[in-house]
Amino acid sequence: MGLLEEEVSLMNRGVVDEKRRKLRGGSGVQGRQPYVHATEKGKTPRYKSRITPFHAGPIQQETGDEREMIDAHIHIFPTYRSKKAVEWIKRYIPEINVSETLTEEEIIETLASHGISHFFNYVYPLKPEESRSLNRFNYELSKKANNAICFGSVHPGNADRVEIVKEALLEFGLVGIKFHPFVQRFKVLDERMEEIYNLLEKLNRPVIFHTGFERFYKMRLAPEEIETIARRHPGLVIVVVHMFYPRIDRAFELVKKYENIYLDATNIFSCYEEPPSGENLFEATFVPEKNAYRIYFHHSVEELENYSHRVMFGSDYPVAMNNLDKIYACMRDSDISATAKENIMEKTAKGFVNRFKPGFFQPDGTS
């Protein structure tokens, strides 16, 4: 889910629930081992939860729908962030087949080999001093890879946050601004954010929010908070990433009320499974016939069909919740209409980008 080593430190600082205290020592407890960050020698060990996905069978290399698609949620970071991100996700889901030394070139090649025509790349700063450099990184990536649809970000703690957003959008040509409130440790209704929302609305650029998986993050972003922003800024385009998982119904309530709200189904169509002995930190639903906790689209398929023109699909690669082959197969083989599938896999993302970058997708396939 785009977490980094520093992010885990932020989330776990001083937060150890009673259940975890009882399990210290790890004796006889599957998957729990003390963990100390290499740069934190001498500090009290923290305890990680290692979750092994349930395997229903081998990953299918061939799927029923091999059309190209747009992956609307990728995380290519600078090396210093990328390595830690992959190390982190493999601690929680060790079966993920991703190298810690994966380069941006290898990520792009991997996406292409899986039939991905274009991808959204998201960055976000953990500290104010990262904001400008990460935006420049994404700008440079957009120049090297013409199928990269790159977004900027900013830290609420930046005193010059408005100028940073202007630079990202107007000078670097990035599409919109992505926030991860849980990791960046702020509330979306923080008064510091209003000037950013005002600017984005004025410039007709979107804001993208991470939502959902609150048990894991130990933080909350209520749907009512997003709705407040939508009411205050009726011209602002908002993307609800992860659909408030597991409260998918609330995401569709907003889509039905506000025409400028889009949904990002990243991790919903991942076919992530976990054995019943797991901790279920990701709030998956227990499926008796699978004898496993499973993350899936557990809301009305009719509403998914009706609003598929406002739903995009992403993988979260290289910090995804499953191996990439299985994630793409999960989406391509989903039991929905061909029209809805085409929207979610490609057309919604194209229409979304064209709202802000008309002509980005050229008919000759050059971008």
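The values are calculated or read from the model by the stated rules, or taken from the named source; none is laboratory data. What you are looking at is a predicted structure, and each value in this text was computed from that prediction instead of being measured. Positions of Cβ are backbone-derived with ideal geometry, glycine not excepted, and every protein chain shown enters the neighbour counts.
Scanning the stretch 194-237 for residues being in contact with an Asp or Glu (Cβ under 9 Å, 6 or more places away or on another chain), surrounded by 19 or more Cβ atoms within 10 Å (Cβ to Cβ) and of a type in the set (Lys, Arg) gives a total of 0. Can Phe244 be described as within 25 Å of Val319 (Cα to Cα) and touching a Phe, Trp or Tyr at 6+ places or on another chain (Cβ under 8 Å)? Answer is no for this residue.
The requirement of being closer than 14 Å to Val311 by Cβ, assigned to a loop (DSSP other than H, G, I, E, B) and touching a residue at least 24 places away in the same chain (Cβ under 8 Å) is fulfilled somewhere in the stretch 239-257, by at least one residue. Against the condition surrounded by 15 or more Cβ atoms within 10 Å (Cβ to Cβ) and on the phi > 0 side of the Ramachandran plot, how does Gly173 come out, does it pass? No: the conditions fail for Gly173.
Would it be correct to say that Met243 is at positive phi and not polar (S, T, N, Q)? Against the criterion (at positive phi and not polar (S, T, N, Q)), Met243 qualifies. Residue count for the stretch 198-218, restricted to those that are under 21 Å from Trp88 (Cα atoms) and in a helix (DSSP H, G or I): 4. From the set of residues in the stretch 318-366 that are surrounded by 16 or more Cβ atoms within 10 Å (Cβ to Cβ) and among the hydroxyl-bearing types (Ser, Thr, Tyr), which is modelled with the lowest pLDDT? Restricting to residues being surrounded by 16 or more Cβ atoms within 10 Å (Cβ to Cβ) and among the hydroxyl-bearing types (Ser, Thr, Tyr), the top hit is Ser334. The residues of the stretch 215-238 that are over 21 Å from Ile177 (Cβ atoms) and in contact (Cβ under 8 Å) with a residue 60 or more places away in the chain, listed by number, are Arg215, Phe216, Lys218. Taken as a whole, the stretch 148-157 holds no residue that is aromatic (Phe, Trp, Tyr), crowded, with 20+ Cβ neighbours inside 10 Å and either part of a strand (DSSP E or B) or more than 19 Å from the chain's Cα centre (by Cα) (or both).
This table checks each residue for (1) within 24 Å of Met312 (Cα to Cα); (2) without any contact (Cβ under 8 Å) to a residue 40 or more places away in the chain; (3) in contact with a strand residue (DSSP E or B) (Cβ under 6 Å, 6 or more places away or on another chain).
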site	(1), (2), (3)
Leu126	no, no, no
Glu130	no, yes, no
Asn135	yes, yes, yes
Val154	yes, no, no
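Does the stretch 324-336 contain at least one residue that is touching a Ser or Thr at 6+ places or on another chain (Cβ under 7 Å), within 28 Å of Glu227 (Cβ to Cβ) and among the β-branched types (Val, Ile, Thr)? No, every residue in the stretch 324-336 fails to be touching a Ser or Thr at 6+ places or on another chain (Cβ under 7 Å), within 28 Å of Glu227 (Cβ to Cβ) and among the β-branched types (Val, Ile, Thr). In the stretch 94-138, the residue that is surrounded by the most Cβ atoms within 10 Å (Cβ to Cβ) out of those that are outside any loop (DSSP other than H, G, I, E, B) and among the hydroxyl-bearing types (Ser, Thr, Tyr) is Ser131.
Within the stretch 229-249, if we keep just the residues that are hydrophobic (A, V, I, L, M, F, W, C) and more than 12 Å from the chain's Cα centre (by Cα), the residue that is nearest to Ala265 (Cα to Cα) turns out to be Ile248.
Counting residues in the stretch 160-169 that are of a type outside the set (Gly, Ala, Ser), farther than 16 Å from Phe209 by Cα, at pLDDT 95 or above and not in a helix (DSSP H, G or I) gives one or more. Scanning the stretch 268-305 for residues that are touching an Asp or Glu at 6+ places or on another chain (Cβ under 6 Å) and either closer than 18 Å to Pro318 by Cα or of a type outside the set (A, V, I, L, M) (or both) returns Tyr293, Arg294, His299.
When you go through Arg310, Arg250, Arg231 one by one, which is the residue that is in contact with a strand residue (DSSP E or B) (Cβ under 7 Å, 6 or more places away or on another chain), at pLDDT 95 or above and of a type in the set (Lys, Arg)? None of the others qualify; the one that does is Arg310.
I'd like to know if the stretch 189-212 contains one or more residues that are of a type in the set (Phe, Trp, Tyr) and closer than 22 Å to Ala320 by Cβ. Yes, the stretch 189-212 contains at least one residue that is of a type in the set (Phe, Trp, Tyr) and closer than 22 Å to Ala320 by Cβ.
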